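Enquirer: Provided herewith is a single structure, encoded as C-alpha cells, for subsequent inquiry.
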Ligand SMILES: O=C(O)CCC(=O)C(=O)O
Ligand SMILES: [Fe+2]
C-alpha cells in the first residue's frame, strides 16, 4: 500500500470517523421546486427559509435542469479526468490564471485527495490583481478548454447557463424568505465571478487520514452541487456539531448558503462547514457551481434587515473582489497563515 505523503494527513481532530459515515437518513431537507412553475411560492419560500436557518444546506428536486444534460456533463467530466496526465496538464492553472486543471489544492493547509477542473461562468472575468487593499491593478481570468473531449466546451457552457438560471431562482426565494423583495440581490451579479468546478476524488488507501476536501465554508453566495451516487459529502450539523452525510439523491442538487448570505442576513442564515470523505474502492465525481458576486460589490448586512438599529450590523463591509483575489492566491499553495475569513470582518 506504500506510505501516505504527509501533505495529505489531517490533524488528529479533523480525521473522519469512518464508522459514522454510513448513509443514514440525514434530516437535511429535500425541497420540491415544482411550485416555481405553478406560481404559488408562499409555502416554498417558508421551506427555504427554514432549511437555510436550521441547516444551511438542502437538496432540491424538480429544479428545471434537464437530466439528459447532467448525464452528458458527468460523462464528459469522467472522460476528461481519464486523459493522460500530460494532456490534462496542457490546461493547468498557474499563478496568473486560476482557471483550468489542478491536482494539488490545499484546504486549510492540508492537501486534498482530489483533482479539479475550474471554469468561469462568464469568460474573461475581471478581478483585482492583488489582494493588497490599496492596489488598483486588475487581472482578467480566462477559461482554458481542453481539445478533448471534443464537445467539452460546448456542453459545459450550456451547463453553466442552465445552472445560472437555477441560481437566480434560488436567490429570489432566499430574498423572499428574508422578507425582502425578490430582486433585492440581483444587482450584485454584474460581472459575476461565479465559477464551476469539476471534482474527481480517486479511491484512497488512507481514508482514515486524508480527506477529499478538508472542512471549509464556501465563500460566495450559494453553492449548487451535483454529486454522483457514491457519497462522501458531510455537513457539520448546526444543532450538535456532528458530521452528517448528505445522501446522494438521483436528480437532486445540493444547495448551501455561503459566507456572503451569512453577512447579508446578519447571521440569520449561517454558512455551514462541510468536508468530503474518501473511500478505498470507488472514485467519486461532483460538480459545484459557486454563485459569486461581481468584483466591485461591497458585502455588508442588508440595511432593511437591521430594523432601524434593533438588529445592529455584525460585520463591517468588505470588497468581494479583494476577498476573492486573496482566497484565490492562498488556495494555490501551502501557507502557514489562516486564509481570509468573514470572521475577520466581524464587529
Ligand atoms: O464534492 C463535494 O461534495 C463538495 C465539494 C466542496 O465542498 C467544494 O468544492 O467546495
Ligand atoms: Fe464547499
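The values are calculated or read from the model by the stated rules, or taken from the named source; none is laboratory data. Please read all numbers here as calculations on a predicted model, not as lab measurements. When we count neighbours, we look across all protein chains shown, and the Cβ atoms used for this are built from the backbone with ideal geometry, even at glycine.
Enquirer: Restricting to region 170-181, name every residue that is out of contact with any strand residue (DSSP E or B) (no Cβ under 9 Å at 6 or more places or on another chain), crowded, with 17+ Cβ neighbours inside 10 Å and more than 14 Å from residue 46 (Cβ to Cβ).
Expert: 172, 180 - these are the residues of region 170-181 that are out of contact with any strand residue (DSSP E or B) (no Cβ under 9 Å at 6 or more places or on another chain), crowded, with 17+ Cβ neighbours inside 10 Å and more than 14 Å from residue 46 (Cβ to Cβ).
Enquirer: Another one. So, residue 190, is that one modelled with pLDDT under 95, away from ligand 1 (no atom under 11 Å from the Cβ) and surrounded by fewer than 20 Cβ atoms within 10 Å (Cβ to Cβ) or not? Show your work before the answer.
Expert: Details: modelled with pLDDT under 95: no; away from ligand 1 (no atom under 11 Å from the Cβ): yes; surrounded by fewer than 20 Cβ atoms within 10 Å (Cβ to Cβ): yes.
Answer is no for this residue.
Enquirer: Hey, another quick one. For residue 242, all conditions in the list (1) under 19 Å from the mean Cα position of the chain (by Cα); (2) over 30 Å from residue 38 (Cα atoms) hold save one; what is the number of the exception?
Expert: (1)
Enquirer: Mind telling me which of the residues 250, 205, 295 ends up being part of a loop (DSSP other than H, G, I, E, B), more than 14 Å from ligand 2 (Cβ to nearest atom) and surrounded by 19 or more Cβ atoms within 10 Å (Cβ to Cβ)?
Expert: Numbers: 250 fails: surrounded by 19 or more Cβ atoms within 10 Å (Cβ to Cβ); 205 fails: surrounded by 19 or more Cβ atoms within 10 Å (Cβ to Cβ).
Testing whether each residue is part of a loop (DSSP other than H, G, I, E, B), more than 14 Å from ligand 2 (Cβ to nearest atom) and surrounded by 19 or more Cβ atoms within 10 Å (Cβ to Cβ) leaves just 295.
Enquirer: Output the number of the condition that residue 244 fails; it satisfies all remaining conditions of (1) near ligand 1 (Cβ under 10 Å from one of its atoms); (2) part of a strand (DSSP E or B); (3) over 20 Å from residue 105 (Cβ atoms).
Expert: It is condition (1) that residue 244 fails.
Enquirer: Checking residue 339 against (1) away from ligand 1 (no atom under 16 Å from the Cβ); (2) in contact with a helix residue (DSSP H, G or I) (Cβ under 8 Å, 6 or more places away or on another chain); (3) within 25 Å of residue 95 (Cβ to Cβ), which test does it fail?
Expert: Tallying (1) away from ligand 1 (no atom under 16 Å from the Cβ); (2) in contact with a helix residue (DSSP H, G or I) (Cβ under 8 Å, 6 or more places away or on another chain); (3) within 25 Å of residue 95 (Cβ to Cβ), residue 339 fails exactly one: (1).
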